[in-house]
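In what follows, a single structure is set out as structure tokens and then discussed.
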Amino acid sequence: MVLVSSPRHGGNRQWAAAIAGVKPQDLRDFSASINPLGPPRSALAAIQSHLAELRHYPDPSYGELRRAWASFYGVSPDRLLPGNGVSELLTWVARDLANLDSTVILRPAFADYDRALAAFGGHRENLSIFAEDLSTEIGQVTNPQNKGLLLNNPHNPTGKLIRKEDILDYLDRFNLVVIDEAFMDFLPPDQDQSCLDLIETYPNLIVLRSLTKFYSLPGLRLGCVMAHPDRIQKWQTWRDPWSVNCLAVAAGIAIVQDREFQQRTWAWLEPNRSDLSTRISHMTGFVTLPSSANFLLVKTVIAGSQLQQYLLKKHKILIRDCLSFPELGEQYIRLAVLTKSDHNVLLDSLESLTNSTNALL
Ligand SMILES: Cc1ncc(COP(=O)(O)O)c(C=O)c1O
């Protein structure tokens with residue numbers, strides 16, 4: 001028998017479908033923070049037209065993909081390494097971090113940071129993302145010249161955006177600054193706080209970008225890391241030579257040129273995020289935190305895991321409880337921003353729960 005255990009990440013539809021008693025595709029998934037407008041047609045067309053390449057190994061230097069992404073992100077190709085999602089690349093970044101005295105992480109944090117650091121025996125130092133003055137807290141870290149700082153901007157699961165000008169100060173102090181910008185694409189260029197343009201100036205800066213969330217391709221897997229060329233070369237010799245498959249390469253080249261999809265996503269996000277946030281906050285027992293990303297962290301008086309079970313069993317809706325973030329526990333849930341019609345279904349379901357005193361019994 002295959003064991004389906006309680007998930008550490010969002011989007012675990014097999015586990016959820018078993019509880020809801022439906023097929024995974026029949027769930028309404030608010031748990032994984034994936035763009036509901038995708039995947040873009042450009043990605044599907046590229047995959048379709050490259051199927052014949054399945055009988056060949058991908059180019060291990062990923063020259064064409066590297067050039068396309070380097071031009072999109074504004075860095076030179078020797079500073080970029082494509083990977084099988086950010087999660088794969090985090091592993092190699094963590095190998096460098098583990099050589100330092102410790103790595104400062106803002107909690108709650110994406111679970112893979114711990115997984116990757118633990119793989120190489122790296123030490124951790126925890127700070128709270130909820131600190132009133134985050135810059136002062138980070139400024140008080142002792143011996144930063146021997147330590148790493150691992151930031152996630154915008155931050156999962158709070159949606160908080162850290163200002164680039166604050167990060168500049170950290171770059172001058174820490175031995176290594178790693179910024180996971182997995183959700184940065186969701187901010188239009190005039191609002192983003194990306195540090196990509198600092199890559200050429202700071203050899204101690206590493207930036208990770210995921211293409212699975214914005215382009216709605218988590219099943220295909222696509223991400224990249226940008227850093228000093230010496231690090232890129234080293235990681236390339238350590239890792240599996242073909243970790244990005246040929247269909248992902250084809251899709252990866254097509255999507256960064258898909259301006260129409262990018263514009264449409266920016267136009268969708270702001271009004272839909274504010275729709276979900278306002279309507280949830282109007283309900284008794286729920287408070288949403290301000291978010292710059294495509295998800296909302298919501299404080300709830302009903303235990304998050306109970307709410308998750310209720311919505312799954314009664315309404316086939318999957319939300320993210322926050323039990324895998326020990327700092328949040330039962331008091332929070334995380335919701336992806338989807339479409340207004342998805343929001344209507346979720347809000348109706350939540351209202352039927354809050355109106356019914358017996359619903360959780
Ligand atoms: C903050 C953060 N970084 C990275 C990832 C992993 O992204 P990828 O699908 O590119 O491996 C996730 C996935 O949930 C995430 O939340």
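Summary of values
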read-out	value
Near pairs, Cβ below 8 angstrom, 6+ apart or cross-chain, from the range 84-99 (at positive phi) to any residue that is modelled with pLDDT of 95 or more and open to solvent by 10 Å² or more (accessible area, probe 1.4 Å)	85/218; 85/221
Residue in the range 44-63 that is open to solvent by less than 30 Å² (accessible area, probe 1.4 Å), more than 16 Å from the ligand (Cβ to nearest atom), touching a Phe, Trp or Tyr at 6+ places or on another chain (Cβ under 8 Å) and more than 27 Å from residue 156 (Cα to Cα) present	yes
First in the range 105-118 and basic (Lys, Arg) and at pLDDT 95 or above, second anywhere and assigned to a loop (DSSP other than H, G, I, E, B) and open to solvent by less than 10 Å² (accessible area, probe 1.4 Å), Cβ under 8 Å, 6 or more apart	107/129; 107/325
Residue in the range 349-357 that is open to solvent by 50 Å² or more (accessible area, probe 1.4 Å), touching a residue at least 12 places away in the same chain (Cβ under 8 Å), acidic (Asp, Glu) and over 29 Å from residue 105 (Cα atoms) present	yes
Meets criteria (touching a Gly at 6+ places or on another chain (Cβ under 7 Å) and on the phi < 0 side of the Ramachandran plot) for residue 22	no
Of all residues making up the range 215-244, the number that are more than 10 Å from the ligand (Cβ to nearest atom), farther than 15 Å from residue 89 by Cα and outside any helix (DSSP H, G or I)	2
Count - residues of the range 153-171 that are closer than 15 Å to residue 138 by Cβ and of a type in the set (Ser, Thr, Tyr)	1
Residue identified as without any contact (Cβ under 8 Å) to a residue 12 or more places away in the chain and within 30 Å of residue 239 (Cα to Cα) among 180, 172	172
Neighbours by Cβ (under 6 Å, 6+ apart or cross-chain): first from the range 214-243, within 15 Å of residue 70 (Cβ to Cβ); second within 10 Å of the ligand (Cβ to nearest atom) and of a type in the set (Lys, Arg)	224/209
Filtered residues of the range 81-96 (kept if open to solvent by less than 30 Å² (accessible area, probe 1.4 Å) and within 15 Å of the ligand (Cβ to nearest atom))	81, 82, 83, 85, 86, 89, 90, 91, 93, 94
Elements of type strands (runs of 3 or more DSSP E) contained in the range 108-198, each with 3 or more residues being open to solvent by 10 Å² or more (accessible area, probe 1.4 Å) and in the same structural domain as residue 217 (by TED's automatic domain parsing)	124-128
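The values are calculated or read from the model by the stated rules, or taken from the named source; none is laboratory data. For clarity, every value in this text was computed on a predicted model and none was experimentally measured. Please note: Cβ atoms are built from the backbone with ideal geometry, for glycine as well, and neighbour counts cover all protein chains shown. Note: accessible area is taken over every heavy atom of the protein model, side chains too, but ligands, DNA and RNA are not part of it. Shrake-Rupley method; radii C 1.70, N 1.55, O 1.52, S 1.80 Å.
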